[in-house]
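The values are calculated or read from the model by the stated rules, or taken from the named source; none is laboratory data. Everything numeric in this text was worked out from a predicted model, so none of it was measured. When we count neighbours, we look across all protein chains shown, and the Cβ atoms used for this are built from the backbone with ideal geometry, even at glycine. Each accessible area value is taken on the protein alone, full model and side chains, heavy atoms only, with ligands, DNA and RNA left out. Shrake-Rupley method; radii C 1.70, N 1.55, O 1.52, S 1.80 Å.
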Amino acid sequence: MTSELTSAPETASIRVRLRQPARLRNLELVLVVIACAVGGGALVLTQLGALGQTDPGVLMLAGVLAVLVLAMHVSLRLTAPQADPFILPVVTLLNGLGIAAIYRIDLADGDSGWDAAGVRQIAWSSIAILAAIVVIVVIRNHRVLQRYRFVSMFAGIVLLILPMLPIIGHEVYGAQIWIRVGTFTFQPGELAKIALAIFFAAYLVESRDSLSMVGTKFLGIRFPRARDLGPILVIWAAAMAVLIFQRDLGTSLLYFGLFLIMIYVATGRVSWVLMGLGLFIGGAVIAGQVLGYVAGRFRGWLDPFNPEVYDAVGGSWQLVQGLFGMANGGLLGTGLGQGRPDLVPLAQSDFIIASLTEELGLAGLFAILALYLLFISRGFRIGFSGQDDFGRLLGVGLSFVVALQVFIVVGGVTRIIPLTGLTAPFLAAGGSSLVANWMIAAILLRLSDTIRNQPRLVV
Amino acid sequence: MSELTLLLLKLGFLLLLWAFVFAIVYALRSDLFGERVRRMPAPQSASGEQAPYTAAPAADPAPRPVAAASSPGAAAGTARRVVITSGAKAGVELDLDDQPLTIGRSSDSGLVIRDDYTSTHHARLMLWGDEWVIQDLDSTNGTFLDGKRVTAPTPVPLGATVKIGTTSFELRR
């Protein structure tokens, strides 16, 4: 495209602006239409499988979502024409599959109207897409975010503390990570991960030299000075506080992993990662001894089929039901609407991966994982090709947080790692998770647009 | 709904899902390996596939425009343009804003130089204060500022010749 760059830069830059966008955005439009069709197809198949007929009501609601996704596409055309064309279709399809799986559980439970998690999920999805549109339209340049690093630090900490406040704090299944105002519940920790990623990126851009250059060598690894250790200890303490006071293993792992990977990308020092992992494992082992719920999770992971563990309160019953469901699905699945995913508790949120695997089979699970892989690899690529350090770190951090969350969820459900209560990004029922992940997608889109707007010349 | 129809629909849906995944992978392939970076109408000998890249090193003249550097008005102030002074695209120029400009063979770079001597991520130009600084990103064949190899980030005065592979450029206001 830049082959026409001549010594008259004005015309050249106009030409660049006119030629690229159409191609990328047209590609995106085609893929988005396909993604909406596949998502709608999943809903129709669910209805056919479970009810034997189609029900236009829910399809109409899903149609509203398709219109909103197209609105997002149009706003990208207008404000971020160079943005990555694959993120929006992938996210749309994941969201659509999630809605189909949640709706499936509603059909099995006989929920309808506002009681149905599927309808609420559609409503939350539209809020999330609107939030993503707002992010795309308002943040015209991601470097603005760098200025708000301390604001985001405080926002992150406040969001983390909110669920522990007396009146609005709300406990569900033992984990104190919700706030409730009236009938409205929200999980502020999901938004905190965006705020913390922005803060980490801005902080590390400034301080990475002192983190990577200074320190004493020991066993061939350079260890940082005590005063540079400050931030990592603060984050460790925060992660452990979440673990202890909010009783949420997954979230604390998520925040800590986010910080570790960003510090590793910024400094390129393995010593930080080793030290961080050591701290986390040490903390988790102690927590496993002291905190009952962590020990229970470990037992359920290592020995789930032991009748004693299986029948215990908070034991491995749920995990094993999920495993049975996935085994029932086999290679090609039972078909949408034809399995019994509703036998697993929380089949629409924490165990949505098990529900989808039962009905779509191993082939479907791998397709879903491939979609996540595409999303995350686009994010890493955006980080990799970024021109400024803040954008690079932010891109890597945000996509890694999604990657880690997928690993923790899928690994927990498939018994690779101990089970923790995190939501599968874009799939699982839960408004806060949807809003946060759509905002992450929007920030990545904004980053990719800025990257491709760089002056380009091919020699 | 008969059992068979549902079975066929199930298989069809899985195929559709995978078709979508592979459509994206296919589109990604073209996104990764170019199309966005198109080759120039071949400067001189446009015979073989590799010709435009390898033809350049033959002519490696002493950087002509050193004279231009000492022209009046090039003394102070921040550079706003990069001007290619020798190589396949001599004479072409590129505007600088205050953002870093990456140089390399990869199509992610701000300035893409595709000859055999350029590394994928070769160097970058950054604005430090009001002064442009060139940093070599561990390139194989090095970045040369006025004939000296750049090892640490080095300020680039206006009109000084930066040489990467067979391409030289300089900064101008």
Q | Rounded Å value of the spacing that divides the Cα centres of the stretch B:107-156 and the stretch B:1-15 | A | 57 Å
**Q.** A versus B: buried accessible surface, summed, Å² (probe 1.4 Å, to nearest 100)
**A.** 4700 Å²
Q.
For the pair A:Gln53/B:Thr151, report the inter-label distance in nm, with labels modelled 7 Å from Cα in the Cβ direction.
A. 8.2 nm
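For the stretch A:295-409, what mean projected area does the convex hull of the alpha carbons give, in nm²?
Details: hull surface 34.5 nm².
In nm², the orientation-averaged hull projection of the stretch A:295-409 is 8.6.
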Q: Would you mind putting A:248-256, A:130-138 in packing order, based on average other-beta-carbon counts within 10 Å, highest first?
A: A:248-256, A:130-138
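Kindly state, to the nearest 0.05, the FRET efficiency for A:Leu343 paired with A:Ile281, given R0 = 30 Å and r defined as their beta-carbon distance.
Details: r = 34 Å, r/R0 = 1.15.
Efficiency for this residue pair is about 0.30.
Partner chain Cβ atoms within 10 Å, averaged over the residues of B:118-127 - can you pull that number for me?
Values: counts 1, 0, 0, 2, 0, 0, 1, 0, 3, 0.
Neighbouring Cβ atoms belonging to other protein chains average 1 per residue here.
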Q: Using amide H atoms built 1.01 Å from N in the peptide plane, name the residues 5+ places from A:Ala429, or on other chains, whose amide H lies under 5 Å from its own.
A: A:Ser349
Q) Label points 7 Å out from Cα along the Cβ direction at B:Asp116 and A:Arg140: separation in nm? A) 4.7 nm
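Enumerate the helices in chain A for which the Kyte-Doolittle hydropathy averages -0.5 or more and the C-alpha atoms extend at least 20 Å along the helix's axis, using complete DSSP H runs. Can you show the working numbers first?
Working: long enough: A:9-51 (62 Å, 0.81); A:56-79 (34 Å, 1.88); A:87-109 (33 Å, 1.37); A:117-138 (31 Å, 2.06); A:188-213 (36 Å, 0.78); A:230-245 (22 Å, 2.41); A:249-267 (27 Å, 1.89); A:270-290 (30 Å, 1.82); A:352-385 (38 Å, 1.45); A:389-413 (36 Å, 1.80); A:431-452 (32 Å, 0.90).
Qualifying helices: A:9-51, A:56-79, A:87-109, A:117-138, A:188-213, A:230-245, A:249-267, A:270-290, A:352-385, A:389-413, A:431-452.
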Q. Suppose R0 equals 22 Å; then what is the FRET efficiency for A:Tyr148 and A:Ser210 from their Cβ-Cβ distance, rounded to the nearest 0.05?
A. 0.45
Q) What residues in the stretch A:328-347 lose 50 Å² or more of accessible surface when the other protein chains are added to their chain alone (1.4 Å probe)? A) A:Leu332
Q) By the scheme Lys and Arg +1, Asp and Glu -1, what is the net charge of all other residues having a beta-carbon under 15 Å from that of A:His73? A) +1
Q) Where does chain A land at 222 nm, in deg cm²/dmol rounded to the nearest 500, when only DSSP H runs of n ≥ 4 count, each adding -39500 (n - 2.57), divided by all residues? A) -24000 deg cm²/dmol
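At 10 °C and 1.306 mPa s, grab the translational diffusion coefficient of the stretch B:81-154 from Stokes-Einstein with a Kirkwood Rh over Cα pairs, rounded to a whole number in µm² per second. Could you put the intermediate results ahead of the total?
Details: Rh = 12.7 Å.
In µm²/s, the coefficient is 125.
May I ask you to order A:58-65, A:353-360 by the average number of other C-beta atoms within 10 Å around their residues, highest value first? Spell out each step's value before the answer.
Values: A:58-65: 16.9, A:353-360: 29.2.
Packing proxy ranking, top to bottom: A:353-360, A:58-65.
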Q. Of A:Leu398, A:Ala128, A:Leu43, whose Cα points farthest to the positive end of the dipole of chain A (charges on the beta-carbon: +1 Lys, Arg; -1 Asp, Glu; origin at the Cα centre)?
A. A:Leu398
Q.
Under the rule of at least 5 residues apart or a separate chain, name every residue whose amide H is placed under 5 Å from the amide H of B:Val156.
A. B:Trp132, B:Val133, B:Ile134
Q: Tally up the carbon and sulfur contribution to the accessible surface of the stretch B:93-173 as a whole percent, 1.4 Å probe, everything protein left in place.
A: 46 percent
Q: Go ahead and run the numbers for FRET between A:Leu130 and B:Arg29, Cβ-Cβ distance against an R0 of 35 Å, rounding to 0.05.
A: 0.55
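At a 1.4 Å probe radius, carbon and sulfur cover how many percent of the accessible area of the stretch A:268-385? Don't jump to the answer; show the numbers that get you there.
Details: 3490 of 5100 Å².
Answer for the stretch A:268-385: carbon and sulfur cover 68 percent of the accessible area.
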Q. Could you state the number of Å between the C-alpha centres of the stretch A:308-335 and the stretch A:369-406?
A. 32 Å
Q: Could you work out the mean count of beta carbons from other protein chains within 10 Å of each residue's beta carbon in B:89-102?
A: 5
Q.
Under a crude label model (7 Å from the Cα following the beta-carbon direction), how far is A:Asp311 from A:Ala241 in nanometres?
A. 4.2 nm
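So what's chain A giving for Rg/Rh, alpha carbon basis, Kirkwood Rh from the mean inverse pair distance? Mind dumping the intermediate values first?
Working: Rg = 22.8 Å, Rh = 23.2 Å.
So for chain A, dividing Rg by the Kirkwood Rh gives 0.98.
Can you tell me the order of A:413-419, A:434-440 when each peptide is scored by its average per-residue count of other Cβ atoms within 10 angstrom, highest first? Walk me through the numbers on the way to the answer.
Values: A:413-419: 19.4, A:434-440: 25.6.
Final packing ranking: A:434-440, A:413-419.
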Q: Along each of the three principal axes of the Cα atoms of the stretch A:252-294, give the extent in whole Å, ordering the values from largest to smallest.
A: 37, 17, 6
Q. Hey, quick one: spin label on A:Arg180, modelled 7 Å out along Cα-Cβ, who in the stretch A:104-120 has an amide N within reach, i.e. under 20 Å?
A. A:114-118, A:120
